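The structure under discussion appears below in the form of structure tokens.
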Amino acid sequence: MYIKEVELKNFKSFGKSVRVPLKNDFLTVTGPNGSGKSNIVDALLFALCLSSSRAMRAERLPDLIYRGEGAKNPDFAQVTVRLDNAGRSFPLDSDTIEVSRSIKVKGDKYSSSYYFNGKSCSQGELHELLAKAGITPESYNIVMQGDVTRIIEMSALERRKIIDEIAGVAEFDEKKKKAMEELDVVAERIGRVDVIIEEVADQLSHLKAERDRSLSYQAHREELSRQQAFLLLAKLKEASTELEALHEEMAALEEKGKSLQQKAEEKRQHFSEQDARLASISSEITHKGEDEEIEVKHRIEEIK
Ligand code: ATP
Ligand code: MG
């Protein structure tokens, strides 16, 4: 990955819009003192959000706006950096990445706007996006004049730290440290979860016993109602057989009653006939008796 182009608009000593093309094997910018060489570096620091305004040799950010001769737009400055992404240092399907930052002044106040590939974003988001390609304020993407002297003068241990940082080892060390800390937290959580699992297992076996008891109760209840139904059915059968027998008995008794009534009727008929005969015999006897008595008395007299 390399910087393809820097475009400065109204930034520091560049009053007009200036494009600075930078080739892959680009080495240096030369020019007289005060011609704006370092301002190009400041433009990079500004657009990529790599340093404070002081490091860009300005009291405040508005001081970065061109205020030289014939300044037309004293409230606005913009820097756009185009980066080559053919090697996909940025995990994006795009050969060029465009990072842009502008500053606007309104009265006493001023604000910055950030763009990544033409899309507006916050400074935090831009930092995150650039960090994916290793562009961070902490890394030595831009080595300032003072940095070189500082690196030469520092102790071997401090230098080692910087080399680690540049090589990316420090980042891995940091990540490793974080991962180890996270591992501790996770191990502690696992311990807590184990205790919970044990408790839950206890509850589970208790609940299982209760469930078994409840299921057996339910099965017994069902069996009971089945047996009760059988019992009722048997009783019903018994009662209907009994009812049938009673019906039969009643029919037989009715039949018997009928024949007895008929017999009684016959007897009554017989009696009334006998009564009539008796009456006729009695009257016959009475008549005959008188005649016979006279005859008998007559005969007795004869015999005498
Ligand atoms: P040297 O060779 O001494 O390092 P240089 O080429 O790096 O010089 P710079 O420091 O980039 O030069 O540029 C300094 C010039 O930029 C100064 O002349 C300064 O007046 C000018 N300058 C800085 N800020 C602004 C601004 N806001 N508006 C206009 N000009 C500015
Ligand atoms: Mg300089």
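The values are calculated or read from the model by the stated rules, or taken from the named source; none is laboratory data. Because the structure is predicted, anything quoted here is derived from the model rather than measured. Positions of Cβ are generated from backbone atoms using ideal geometry, with glycine treated the same way; all protein chains shown enter the neighbour counts.
A compact table of results
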quantity: Residue under evaluation PHE14, criteria (1) over 55 Å from the mean Cα position of the chain (by Cα); (2) buried (at least 19 other Cβ atoms within 10 Å of the Cβ); (3) away from ligand 2 (no atom under 16 Å from the Cβ), criterion not met; calculated: (3)
quantity: Selected residue (criterion: nearest to the chain's Cα centre (by Cα)) from residues of the range 71-81 that are surrounded by fewer than 18 Cβ atoms within 10 Å (Cβ to Cβ) and within 11 Å of ligand 1 (Cβ to nearest atom); calculated: PRO74
quantity: Test set (1) surrounded by fewer than 17 Cβ atoms within 10 Å (Cβ to Cβ); (2) at pLDDT 95 or above - PHE116 fails condition number; calculated: (1)
quantity: Cross-chain or 6+ apart pairs with Cβ under 7 Å, the range 27-39 first and part of a loop (DSSP other than H, G, I, E, B), then near ligand 1 (Cβ under 6 Å from one of its atoms); calculated: VAL29/LYS37; GLY31/LYS37; GLY36/LYS12; GLY36/SER13
quantity: Among (1) within 16 Å of ligand 2 (Cβ to nearest atom); (2) in contact with a Phe, Trp or Tyr (Cβ under 7 Å, 6 or more places away or on another chain) - the single one ARG57 does not satisfy; calculated: (2)
quantity: Residue count, the range 18-60 (criterion: out of contact with any Leu (no Cβ under 8 Å at 6 or more places or on another chain), within 13 Å of ligand 1 (Cβ to nearest atom) and within 21 Å of GLU138 (Cβ to Cβ)); calculated: 3
quantity: Qualifying residue in the range 41-60 (condition: of a type in the set (D, E, K, R), touching a helix residue (DSSP H, G or I) at 6+ places or on another chain (Cβ under 7 Å) and surrounded by fewer than 18 Cβ atoms within 10 Å (Cβ to Cβ)); calculated: yes
quantity: Single residue of the range 13-26 satisfying the filter (free of Cβ contacts under 8 Å to residues at least 60 places away in the same chain and assigned to a loop (DSSP other than H, G, I, E, B)) that is farthest from PHE46 (Cα to Cα); calculated: ASP25
quantity: Residue list for the range 134-162, restricted to those being exposed (fewer than 13 other Cβ atoms within 10 Å of the Cβ), away from ligand 1 (no atom under 16 Å from the Cβ) and aliphatic (A, V, I, L, M); calculated: ILE152, ALA156, LEU157
quantity: Positions within the range 137-178 being touching a residue at least 12 places away in the same chain (Cβ under 8 Å) and not in a helix (DSSP H, G or I), in sequence order; calculated: PRO137, GLU138, SER139, TYR140, ASN141, ILE142, MET144, GLY168
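Yes/no matrix, rows are residues, columns are (1) of a type outside the set (A, V, I, L, M, F, W, C); (2) under 51 Å from the mean Cα position of the chain (by Cα):
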| position | (1), (2) |
| --- | --- |
| SER38 | yes, no |
| MET56 | no, no |
| LEU83 | no, yes |
| SER89 | yes, yes |
| TYR115 | yes, yes |
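Results for (1) at pLDDT 90 or above; (2) among the aromatic types (Phe, Trp, Tyr), shown as yes or no for each residue.
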position	(1), (2)
GLU128	yes, no
TYR140	no, yes
VAL148	no, no
SER155	yes, no
ARG160	no, no
ASP164	no, no
GLU171	no, no
LYS178	yes, no
GLU182	yes, no
